């Protein structure tokens, strides 16, 4: 599965890459150089980040499922218990 970015996101990333190269490495990069670098990152680094994000989301959901009773259950036969308190 290829990582496809929205056009606006891609444009902002290209600007960020060009700025980083200029400020941190003293290297001026045009649109083509920045685009090639972004494409490399998306193809080479992107899947590792994506897979970790999926694993993190799965872990979070599994933790919620472990405590599903605590998160979602309601006390049963509680009507009379609450009546006693209010009487």
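Does the stretch 19-32 contain at least one residue that is part of a helix (DSSP H, G or I) and under 22 Å from residue 54 (Cα atoms)? Walk me through it before giving the result.
Quick first cut of the stretch 19-32, residues part of a helix (DSSP H, G or I) only: 19-25, 31-32.
Going one step further and asking which of them are under 22 Å from residue 54 (Cα atoms), we end up with none.
No, that holds for no residue.
May I ask you to verify whether residue 8 is at pLDDT 95 or above, at negative phi, under 20 Å from the mean Cα position of the chain (by Cα) and surrounded by fewer than 10 Cβ atoms within 10 Å (Cβ to Cβ)? Before the answer, list the steps.
Numbers: at pLDDT 95 or above: yes; at negative phi: yes; under 20 Å from the mean Cα position of the chain (by Cα): yes; surrounded by fewer than 10 Cβ atoms within 10 Å (Cβ to Cβ): yes.
For residue 8, the condition - at pLDDT 95 or above, at negative phi, under 20 Å from the mean Cα position of the chain (by Cα) and surrounded by fewer than 10 Cβ atoms within 10 Å (Cβ to Cβ) - is met.
Could you grab me the full set of residues in the stretch 33-83 that are farther than 30 Å from residue 10 by Cβ and outside any helix (DSSP H, G or I)?
Within the stretch 33-83, the subset farther than 30 Å from residue 10 by Cβ is 62-83.
67, 73, 74, 75, 76, 77, 78 - these are the residues of the stretch 33-83 that are farther than 30 Å from residue 10 by Cβ and outside any helix (DSSP H, G or I).
So which residues in the stretch 19-36 are over 19 Å from residue 46 (Cα atoms), in contact with a helix residue (DSSP H, G or I) (Cβ under 9 Å, 6 or more places away or on another chain) and surrounded by 10 or more Cβ atoms within 10 Å (Cβ to Cβ)?
Restricting attention to the stretch 19-36, the residues satisfying the condition of being over 19 Å from residue 46 (Cα atoms) are 19, 21-32.
From what's left, in contact with a helix residue (DSSP H, G or I) (Cβ under 9 Å, 6 or more places away or on another chain): 21, 27-31.
Once the filter is applied, which keeps residues that are over 19 Å from residue 46 (Cα atoms), in contact with a helix residue (DSSP H, G or I) (Cβ under 9 Å, 6 or more places away or on another chain) and surrounded by 10 or more Cβ atoms within 10 Å (Cβ to Cβ), the stretch 19-36 yields 21, 27, 29, 31.
Mind telling me which of the residues 52, 62, 58 ends up being loosely packed, with under 10 Cβ neighbours inside 10 Å, within 22 Å of the chain's Cα centre (by Cα) and either farther than 17 Å from residue 2 by Cβ or at pLDDT below 95 (or both)?
Numbers: 52 fails: loosely packed, with under 10 Cβ neighbours inside 10 Å; 58 fails: loosely packed, with under 10 Cβ neighbours inside 10 Å.
After applying the criteria, what remains is 62.
The values are calculated or read from the model by the stated rules, or taken from the named source; none is laboratory data. Small disclaimer: the values here were computed from a predicted structure and weren't measured. Using ideal geometry, Cβ is built from the backbone for each residue, glycine included, and neighbour counts are taken over all protein chains shown.
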